[in-house]
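This report refers to the structure that appears directly beneath it.
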Amino acid sequence: MEGNPLLPPLTPESAPFWEGAARGELRVQRCIDTGHLVFPPRPLSPWGRHLVPEWVTVSGLGSVWSYVVVHPPLLPYFAERAPYNVVVVSLDEDPGVRLVGNWVSGAGEWPSTPRDGPPSIGERVQVVFDPPMDGRALPRWVSVLGASE
């Protein structure tokens, strides 16, 4: 992850997400009034009257909703790593909440390549985290069948 030009900025709204990720927890916001999950982080719930949604830790389990295989031309940092898979994952707790990340074979691994086989739509996945960089660990996704306990 070193030198990643697309590492999202650390903001007051996103800080609890990154703090959880550094501890290996997937955290999202939840509307206090309705119980709906909220992602990406924001200062106001889109459904309730409370100003700040609460933060909750979710299971980190979900299903592949979509994916893409990224090929060059890309920024130099990514071009040398391409092609690789990027997935959109629907969380078990609320399938309408989707996170984007790389599909990997294990924590700390570079994203899987097409020669490793693409993910399948609906494939069960769980979150893993890269070692923190600047206090932020990126969530990545592994097949539940291939995940180590």
Residue within the stretch 48-71 that is surrounded by 15 or more Cβ atoms within 10 Å (Cβ to Cβ) and touching a His at 6+ places or on another chain (Cβ under 6 Å) present: no
Selection from the stretch 123-144 of residues that are modelled with pLDDT under 85 and surrounded by fewer than 19 Cβ atoms within 10 Å (Cβ to Cβ): PRO131, PRO132, MET133, ASP134, GLY135
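Would you check if PRO118 is in contact with a Phe, Trp or Tyr (Cβ under 7 Å, 6 or more places away or on another chain) and either among the β-branched types (Val, Ile, Thr) or over 20 Å from PRO132 (Cα atoms) (or both)?
Numbers: in contact with a Phe, Trp or Tyr (Cβ under 7 Å, 6 or more places away or on another chain): yes; either among the β-branched types (Val, Ile, Thr) or over 20 Å from PRO132 (Cα atoms) (or both): yes.
In short, yes.
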Which listed residue is surrounded by 13 or more Cβ atoms within 10 Å (Cβ to Cβ), outside any strand (DSSP E or B), in contact (Cβ under 8 Å) with a residue 40 or more places away in the chain and polar (S, T, N, Q), from SER120, SER112, SER105: SER105
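Could you tell me whether VAL100 is surrounded by fewer than 16 Cβ atoms within 10 Å (Cβ to Cβ), of a type in the set (A, V, I, L, M), part of a strand (DSSP E or B) and under 18 Å from the mean Cα position of the chain (by Cα)?
Details: surrounded by fewer than 16 Cβ atoms within 10 Å (Cβ to Cβ): yes; of a type in the set (A, V, I, L, M): yes; part of a strand (DSSP E or B): yes; under 18 Å from the mean Cα position of the chain (by Cα): yes.
Criteria met by VAL100.
So which residues in the stretch 51-83 are among the hydroxyl-bearing types (Ser, Thr, Tyr) and under 15 Å from the mean Cα position of the chain (by Cα), if there are any at all? Write out each step before concluding.
The first filter runs over the stretch 51-83 and keeps only residues among the hydroxyl-bearing types (Ser, Thr, Tyr), leaving 57, 59, 63, 66-67, 77.
Once the filter is applied, which keeps residues that are among the hydroxyl-bearing types (Ser, Thr, Tyr) and under 15 Å from the mean Cα position of the chain (by Cα), the stretch 51-83 yields THR57, SER59, SER63, SER66, TYR67.
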Every pair of residues 6+ apart whose Cβ atoms lie under 9 Å, when the first sits in the stretch 50-77 and is closer than 27 Å to PRO16 by Cα while the second is modelled with pLDDT under 90 and among the hydroxyl-bearing types (Ser, Thr, Tyr): LEU51/SER45; VAL52/SER45; PRO53/SER45
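The values are calculated or read from the model by the stated rules, or taken from the named source; none is laboratory data. Small disclaimer: the values here were computed from a predicted structure and weren't measured. In this analysis, Cβ positions are derived from the backbone assuming ideal geometry, glycine residues included, and neighbour counts consider all displayed protein chains.
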